[in-house]
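The values are calculated or read from the model by the stated rules, or taken from the named source; none is laboratory data. Just so it is clear, the model here is predicted, and its values are computed rather than measured. Cβ: placed from backbone, ideal geometry, glycine included. Neighbour counts: every protein chain shown.
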């Protein structure tokens with residue numbers, strides 16, 4: 001059996017060595033590059049008008065100009081501040097509410113049902129009401145991000161707290177942990193993975209809300225840049241804005257992954273590799 | 001001579017769920033340093049009894065006295081996955097030299113090299129040894145073992161039997177072992193109690209000299225008697241040649 005196997009291998013190996021193999025990374029890049037080239041050619045030939053979408057070369061040029069002039073940086077900073085500010089408040093409220101209703105029966109009775117009712121309202125549907133209440137200024141924008149991010153954090157952390165293995169709680173009780181120690185050593189670390197799931201959702205939503213609120217009466221931010229570009233039919237700037245949104249989304253997700261790697265170092269998936 | 005009071009005293013203990021009496025007027029004393037094994041079919045009330053002794057369940061009537069210093073090891077290790085082995089050992093222990101105590105306890109169970117390991121990286125046997133260290137580091141007067149070896153492979157189980165006897169001799173807690181395994185009960189315990197319908201159906205004092213093994217004279221007789229009480233019919237015990245020559249030593 002072993003011999004047959006080794007004979008087969010000897011048969012196969014020389015042919016595999018003779019043929020030059022393209023690295024996967026190059027192959028993976030191939031189709032996007034071909035697409036970009038086709039797009040560029042079509043734009044140059046006039047088949048795709050600039051008001052439908054600008055040529056890749058033009059987008060690249062505009063991007064470079066915007067970076068050099070500092071215009072992009074300025075708008076980016078404003079957007080980032082908005083998102084992080086709203087996210088910070090939303091996550092804080094979500095965590096506080098989840099702790100209150102997760103850790104006490106009375107807290108759950110008081111808090112959970114209103115939270116469950118409110119979470120069914122899409123936060124963007126609140127825009128008309130918020131504009132009436134708070135006007136069209138910065139407050140409304142932040143408030144919308146806050147309402148969007150509070151609930152995913154609340155729901156996941158609450159579920160995380162309630163779903164801790166009761167056997168671990170029992171073990172903690174036989175070890176003589178008091179309530180404070182139980183929360184600190186067992187319940188909070190045990191619910192941390194669920195918290196991170198909620199945080200991921202919240203980030204996605206904060207980004208979505210940002211795109212939306214920055215279309216209302218803004219003078220700075222990526223959303224403003226996109227709206228402005230629309231008025232002047234600058235498809236190159238619109239594409240740049242889309243790029244920025246996706247790159248920032250990826251970056252923040254990377255930050256969360258790194259945080260998880262440290263905070264959840266004990267999880268089998270992290271421990272083993 | 002100082003009067004040594006039994007650390008565990010149960011008088012007419014009743015625990016019922018709905019109309020069903022899971023523990024039905026149970027009397028039980030466990031002497032200091034005594035190793036008691038509790039056998040019984042599923043639903044005989046042995047786990048309920050252990051949970052009451054561990055303080056995880058209440059009783060409905062009767063008297064139950066247990067030492068405050070008690071520890072429990074369950075079938076699953078129940079370690080906190082987010083704490084390293086030594087942190088698990090001293091969890092809830094309020095002493096100044098916690099780390100040193102943890103090192104000592106883990107050394108006793110042969111895990112001095114896994115102090116900083118997360119539970120996810122431990123094998124089943126290693127995790128169960130950490131759980132044992134976590135119990136013993138509290139110097140319990142009563143050690144409760146709820147089928148702690150049931151989930152381990154046969155070889156690991158033999159090693160654990162030896163380890164538990166070694167540690168029991170060193171720390172001298174009273175031990176209550178709940179098990180399904182008749183051989184395990186005879187190998188380890190001073191006294192085997194058979195529980196049936198929440199009452200003690202029978203108890204046997206095992207006075208076989210230690211280190212015990214199933215090939216020992218008298219072992220098979222006790223085994224068939226206990227199996228009979230548990231409703232398993234066994235033909236007359238035959239200590240064959242194979243068993244006599246291939247002796248399995250459960251503990252040194």
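Among the conditions (1) outside any loop (DSSP other than H, G, I, E, B); (2) modelled with pLDDT under 95; (3) in contact with a helix residue (DSSP H, G or I) (Cβ under 6 Å, 6 or more places away or on another chain), the only one that residue B:149 does not satisfy is (1). Within segment B:109-131, being more than 14 Å from residue B:76 (Cα to Cα) and either modelled with pLDDT under 90 or more than 14 Å from every other protein chain (Cβ to nearest Cβ) (or both) holds for B:109, B:110, B:111, B:112, B:113, B:115. In summary, residue B:46 fulfils each of the numbered conditions (1) surrounded by 22 or more Cβ atoms within 10 Å (Cβ to Cβ); (2) modelled with pLDDT under 90; (3) at positive phi with the single exception of condition (3). Only residues that are within 18 Å of residue A:121 (Cβ to Cβ) and surrounded by fewer than 22 Cβ atoms within 10 Å (Cβ to Cβ) were counted in segment A:148-162, giving 1.
Residues are listed down the side, and each one gets a yes or a no for (1) more than 30 Å from residue B:85 (Cα to Cα); (2) touching a residue at least 60 places away in the same chain (Cβ under 8 Å); (3) touching a helix residue (DSSP H, G or I) at 6+ places or on another chain (Cβ under 6 Å):
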site: A:215; (1), (2), (3): yes, no, yes
site: A:221; (1), (2), (3): yes, yes, yes
site: A:228; (1), (2), (3): yes, no, no
site: A:231; (1), (2), (3): yes, no, no
site: A:238; (1), (2), (3): yes, no, yes
site: A:242; (1), (2), (3): yes, no, no
site: A:252; (1), (2), (3): yes, no, yes
site: A:265; (1), (2), (3): no, no, no
site: A:269; (1), (2), (3): no, no, no
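Taking the listed residues B:134, B:138, the one that is within 12 Å of another protein chain (Cβ to nearest Cβ), on the phi < 0 side of the Ramachandran plot, assigned to a helix (DSSP H, G or I) and in contact with a strand residue (DSSP E or B) (Cβ under 9 Å, 6 or more places away or on another chain) is B:134, with no other qualifying.
The rows are residues; the columns are (1) within 10 Å of chain B (Cβ to nearest Cβ); (2) in contact (Cβ under 8 Å) with a residue 24 or more places away in the chain; (3) within 22 Å of the chain's Cα centre (by Cα).
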{"residue": "A:148", "(1), (2), (3)": "no, yes, yes"}
{"residue": "A:153", "(1), (2), (3)": "no, yes, yes"}
{"residue": "A:167", "(1), (2), (3)": "yes, no, no"}
{"residue": "A:170", "(1), (2), (3)": "yes, no, no"}
{"residue": "A:180", "(1), (2), (3)": "no, no, no"}
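Helices (runs of 4 or more DSSP H) fully within segment A:105-194 that include at least 1 residues being in contact with a helix residue (DSSP H, G or I) (Cβ under 7 Å, 6 or more places away or on another chain) and under 19 Å from residue A:92 (Cα atoms): A:105-119, A:138-162. For residue B:26, the criteria (1) in contact (Cβ under 8 Å) with a residue 40 or more places away in the chain; (2) closer than 23 Å to residue A:171 by Cβ hold in every case but one, which is (2). Evaluated against (1) farther than 24 Å from residue A:182 by Cβ; (2) more than 14 Å from chain A (Cβ to nearest Cβ), residue B:97 falls short on exactly one condition, (1).
Counting only helices (runs of 4 or more DSSP H) that sit wholly inside segment A:196-273, not one has at least 1 residues that are at positive phi and at pLDDT 85 or above.
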